[in-house]
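Worksheet for the structure shown next.
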Amino acid sequence: MTAGSSAPAAAGARPFALLPSGVRRTNLVEEFLRAPAPWVSRPIGQFNGQVVKVITLDGDRCGWHVHEDADELFWVVAGLVELCFRDGSVVLAPGELAVAPAGMAHRVVPLEPARLVVMQPPASVARPA
């Protein structure tokens, strides 16, 4: 058993203390398993006015769009993703991230099935570009 828990620690897991009030631990592997379907994001948390979401991408289904009022962060956890802009693109591998600045048209193209963490304000609205 680990300190502050009633469940045994997983083999090789580091024991943990009780989390302070308001602190939440999130397991990305479990959150991706709970994702409803490819291309459907799942909110997993919030900080500083940003929503943190997980999303699985499979197939080219994202059209050109823009968020006029907010940046959008893309952090690749698994797979390869091309983040395309009108004047260039960047390929992101696991562990890499990039930000689409507010007002800049972009689209996300998975080069293989991929899992991403995406962050943006909750009220940010995408419009076709």
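Could you please let me know if Ala13 is farther than 17 Å from Val125 by Cβ, modelled with pLDDT under 90 and surrounded by 10 or more Cβ atoms within 10 Å (Cβ to Cβ)?
Details: farther than 17 Å from Val125 by Cβ: yes; modelled with pLDDT under 90: yes; surrounded by 10 or more Cβ atoms within 10 Å (Cβ to Cβ): no.
No; evaluated as a whole, the condition is false for this residue.
For the range 29-58, give me each residue that is under 14 Å from Val77 (Cβ atoms), open to solvent by 60 Å² or more (accessible area, probe 1.4 Å) and either assigned to a strand (DSSP E or B) or aliphatic (A, V, I, L, M) (or both).
Val29, Leu33, Arg42 - these are the residues of the range 29-58 that are under 14 Å from Val77 (Cβ atoms), open to solvent by 60 Å² or more (accessible area, probe 1.4 Å) and either assigned to a strand (DSSP E or B) or aliphatic (A, V, I, L, M) (or both).
Scan Val81, Val90, Val99, Val109 and give me the residue that is touching a strand residue (DSSP E or B) at 6+ places or on another chain (Cβ under 6 Å) and touching a residue at least 40 places away in the same chain (Cβ under 8 Å). Explain how you work it out, then say what you get.
Numbers: Val81 fails: touching a residue at least 40 places away in the same chain (Cβ under 8 Å); Val90 fails: touching a residue at least 40 places away in the same chain (Cβ under 8 Å); Val99 fails: touching a residue at least 40 places away in the same chain (Cβ under 8 Å).
Just a single option satisfies the conditions, and that option is Val109.
Could you list, in sequence order, all residues of the range 75-109 that are within 17 Å of Val40 (Cα to Cα) and among the β-branched types (Val, Ile, Thr)?
If the condition is that a residue be within 17 Å of Val40 (Cα to Cα) and among the β-branched types (Val, Ile, Thr), then Val76, Val77, Val81, Val108, Val109 are the ones that fit.
Inside the range 59-88, can you point out the residues that are open to solvent by less than 30 Å² (accessible area, probe 1.4 Å), assigned to a strand (DSSP E or B), under 20 Å from Ala37 (Cα atoms) and out of contact with any Asp or Glu (no Cβ under 7 Å at 6 or more places or on another chain)?
Of everything in the range 59-88, those that are open to solvent by less than 30 Å² (accessible area, probe 1.4 Å), assigned to a strand (DSSP E or B), under 20 Å from Ala37 (Cα atoms) and out of contact with any Asp or Glu (no Cβ under 7 Å at 6 or more places or on another chain) turn out to be Phe74, Val81.
Quick test for you: out of Glu112, Glu72, pick the one residue that is closer than 22 Å to Pro43 by Cβ and acidic (Asp, Glu).
Glu72
Looking at the range 89-129 only, could you name the residues that are open to solvent by 70 Å² or more (accessible area, probe 1.4 Å), modelled with pLDDT under 95 and part of a strand (DSSP E or B)?
Matches in the range 89-129: Arg127, Pro128.
The values are calculated or read from the model by the stated rules, or taken from the named source; none is laboratory data. Bear in mind the structure is a predicted one, so any value in this text is a computation, not a measurement. Here Cβ is always computed from backbone atoms with ideal geometry, including for glycine, and neighbour counts include all displayed protein chains. Protein only, heavy atoms only, side chains kept; ligands, DNA and RNA dropped before computing areas. Shrake-Rupley method; radii C 1.70, N 1.55, O 1.52, S 1.80 Å.
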